[in-house]
1. Provide, in order from the shortest bin, the percent of all Cα-Cα pairs of the chain in each 20 Å bin, continuing until the bin that contains the maximum pair distance.
2. Between region 12-53 and region 108-154, what is the separation of their alpha carbon centroids in Å?
3. Order Asp153, Asp93 by their accessible area, 1.4 angstrom probe, all chains in place, largest first.
4. For region 163-176, in order, what is each residue's ³J(HN,Hα) by Karplus, 6.51 cos²θ - 1.76 cosθ + 1.60 with θ = phi - 60°, in whole Hz (x at glycine and Pro)?
5. Where both residues lie in the chain, what percent of DSSP beta bridges are antiparallel, nearest 5?
6. Please find the FRET efficiency linking Glu328 to Asp229, where r is the Cβ-Cβ separation and R0 is fixed at 22 Å, and quote it to the nearest 0.05.
7. Per residue and in cubic angstrom, what volume does the convex hull of the Cα atoms of region 221-367 have?
8. Roughly how large, in nm² to one decimal, is the mean projection of the convex hull of the alpha-carbon atoms in region 140-257?
Amino acid sequence: MKDGFDNDKYLKIQSEHIKQRIAQFGNKLYLEFGGKLFDDYHASRVLPGFKPDSKLQMLLQLAEYAEIVIVISAVDIEKNKVRGDLGITYDKDVIRLRNEFQSRGLTVGSVVITHYSGQEAAKSFRNKLKRMNIKTYFHYTIPGYPSNVKLIDSDEGYGKNDYVETSHPLVVVTAPGPGSGKMAVCLSQLYQENKRGVKAGYAKFETFPIWNLPLKHPVNLAYEAATADLADVNMIDPFHLEAYGKTTVNYNRDIEIFPVLNAIFEGIYGHNPYKSPTDMGVNMAGNCIVDDDACCNAARQEIIRRYYNTLNNLVQGNAAESEVDKIELLMQQAKITTDNRKVTVAAKQRGAKSGVPTAAIELEDGTIITSETTELLGTSAALILNATKHLAGIDHKVKLIPKNMIEPIQKMKVSYLKGNNPRLHTDEVLVALAMLSLNDENCKKALEQLPKLNGCQVHTTVMLSEVDRKIFKKLGVDLTCEPVSKKGRTLIG
């Protein structure tokens, strides 16, 4: 995929802009950090050239100025809320994040447990953190939050919270996921700092929507598709338009909460340093797009991928029909259909001819390779073999894994492990390929091609097993699947 984003420029101007914002507020800034600091693959997909760890690298340039505060909600601790991308609970992710930050030379000052109202699980987690010598603070539930400004801006509101001790000019406030209370922690600290005579500032770092791109730019539409489950809507910032006469883009939650934030700021300082939600942001990503067409094309592909993922989640009971409806509307606005995804068309065409589950992969040079289910191999396993043979320059007729090796594996799966599907999954094929590579030069060459699958596009005409999905994810492949069972039954209209 052609790069459309200048990552080096981004690292430079983003860190400089944050330094300017720190200076604007007398050398103390609380920066609410939205999105993922690690592995931001959404940004790297819609802004080709953006590195998944760009935000982390940017922070490393500010390491001498910064410390990190990790926020987690007591409600999420009590409910054992799980990060969908990692499959671990939020409380475990707090510890993981701390270790990741510190291993990269960043200071983690403390953990704040928000929405605290005496939950036993939150107490236990705090005790666990204390045993690890991690400073931990409680922030309490405030009745009527966020509209009861009079209570919020009082000693019984923000003043009741534990004061989080910090020592650096930049305090980055982050969390395992949304709804953790990052903004409330920042504002509470502003109140507490002001009581101590420190005029600290607040800013917000969200990569999307990109404020200086058009409202219906594909990159911003892709953000709406990515947050369809949160019902986020991109909007023109009316406060910015009124104050400056300039059109900028923000999202509904920040716009809706701004009048409340304005009142809270006025309660703390007597005035609000910001005239709009856009003013609060520090995101420079829009200034680093160097090829708009490349980013538009990448974003359109992301919308299609999000559509298929949401269809699959709906089938599995993990999404609402309204989410599918929303992304279909976004596809109309972007003037795209699923036929704009090349591998979707190729997989369907082969499936129409063969009458069995099929798959297609688009390689880095644009080559399309297809596969189909056989008696020995599932379509995903066959696809990986076909793709690696092509990349290694091995004749397609060559059988990398002989039938007499596959059959004993099938017998074990069905006879001994009581499985229903004798065909080899992707993980089983890769293990067999690795074993054969010790003595077979073709298998060795094929195995060495696996890194080249990173960033490739794959579509299958059936929903895949969890095993196959995980293998594709580990290979860095962007996968989509038709909402169809392996028996060929369409699961959704």
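1. For the chain, the pair-distance distribution reads 21, 49, 26, 4, 0.
2. After rounding, the separation between the Cα centres reads 26 Å.
3. Numbers: Asp153 30, Asp93 0 Å².
Per-residue accessible area, sorted high to low, gives Asp153, Asp93.
4. Values, residue by residue: 7, 7, 6, 10, 10, 10, x, 10, 10, 8, 9, 10, 7, x Hz.
5. Numbers: 16 of 47 bridges.
Counting only bridges with both partners in the chain, antiparallel ones make up about 35 percent.
6. On the way: r = 15 Å, r/R0 = 0.67.
Using R0 = 22 Å, I get an efficiency of 0.90.
7. Details: hull volume 22.6 nm³, N = 147.
Convex hull of Cα atoms, per residue: 154 Å³.
8. Numbers: hull surface 36.0 nm².
Directional mean of the projected Cα hull area for region 140-257 stands at 9.0 nm².
The values are calculated or read from the model by the stated rules, or taken from the named source; none is laboratory data. This is a predicted model, so every value here is computed, not measured. Here the Cβ is made from the backbone with ideal geometry for all residues, glycine too, and neighbour counts use every protein chain on show. Please note that ligands, DNA and RNA were not included when accessible areas were found on the heavy atoms of the full protein model with its side chains. Shrake-Rupley method; radii C 1.70, N 1.55, O 1.52, S 1.80 Å.
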